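A short worksheet on the structure shown next.
The values are calculated or read from the model by the stated rules, or taken from the named source; none is laboratory data. All values derive from a computational prediction rather than experimental measurement. Cβ atoms come from the backbone with ideal geometry, glycine included; neighbour counts cover every protein chain shown.
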Amino acid sequence: MSLHTASAHKNVSCFIITLNKSLEVVRLKENIVCYPFVGQTTDTYIFSHVDTDVKEDLIRGVSSRGAHYTNNKSVSFAWNHMLVWQKLVRTDGSQNLLVFEDDALVTNLV
């Protein structure tokens with residue numbers, strides 16, 4: 001579904017996942033504005049949700065499996081993706097949710 005089709009039928013909520021507190025709002029189209037979703041950095045609570053084997057690898061500074069996080073910043077981004085998707089689950093289905101990470105490059109929105 002294109003952004004044009006999505007916006008013609010439903011409201012579109014747009015978020016940019018970032019740890020950068022100074023990131024500004026980004027207007028993609030006249031009716032699509034993306035707001036920074038300033039995530040949480042890894043803390044004891046977030047880290048407690050990481051699989052034990054992955055924690056041990058992170059502490060040792062190695063990643064033995066492809067699905068493992070590469071560092072604590074990866075843990076933060078995974079956690080914040082979950083928080084954004086929880087926003088979608090809490091909606092009534094009348095809107096689409098568009099989510100970008102702060103390093104996404106978006107072109108050609110016609």
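Could you check segment 12-27 and list, in sequence order, the residues that are surrounded by fewer than 18 Cβ atoms within 10 Å (Cβ to Cβ) and farther than 9 Å from F100 by Cβ? Spell out how you get there, then give the answer.
Applying the first criterion (surrounded by fewer than 18 Cβ atoms within 10 Å (Cβ to Cβ)) to segment 12-27 yields 19-27.
L19, N20, K21, S22, L23, E24, V25, R27, listed by residue number.
Scan K73, K87 and give me the residue that is charged (D, E, K, R), modelled with pLDDT of 75 or more and within 15 Å of the chain's Cα centre (by Cα). Walk me through how you get there before you give the answer.
On the way: K73 fails: modelled with pLDDT of 75 or more.
Criteria check complete, one pass: K87.
Within segment 28-61, how many residues are surrounded by 12 or more Cβ atoms within 10 Å (Cβ to Cβ) and assigned to a helix (DSSP H, G or I)?
Here the count works out to 7.
Among (1) at pLDDT 80 or above; (2) surrounded by fewer than 16 Cβ atoms within 10 Å (Cβ to Cβ), there is one condition F100 misses while meeting the rest; what is its number?
Status for F100: all satisfied but (2).
Any residue in segment 82-105 that's in contact (Cβ under 8 Å) with a residue 40 or more places away in the chain: show its pairings with residues that are charged (D, E, K, R) and surrounded by 12 or more Cβ atoms within 10 Å (Cβ to Cβ) at Cβ separation under 6 Å, as long as the two are six or more apart or on different chains.
Within 6 Å, the pairs are Q95/K10; N96/K10.
Tell me yes or no: at least one residue of segment 38-58 is out of contact with any helix residue (DSSP H, G or I) (no Cβ under 6 Å at 6 or more places or on another chain), under 27 Å from V106 (Cβ atoms) and at pLDDT 85 or above.
Within segment 38-58 (the criterion being out of contact with any helix residue (DSSP H, G or I) (no Cβ under 6 Å at 6 or more places or on another chain), under 27 Å from V106 (Cβ atoms) and at pLDDT 85 or above), the answer is yes, since at least one residue qualifies.
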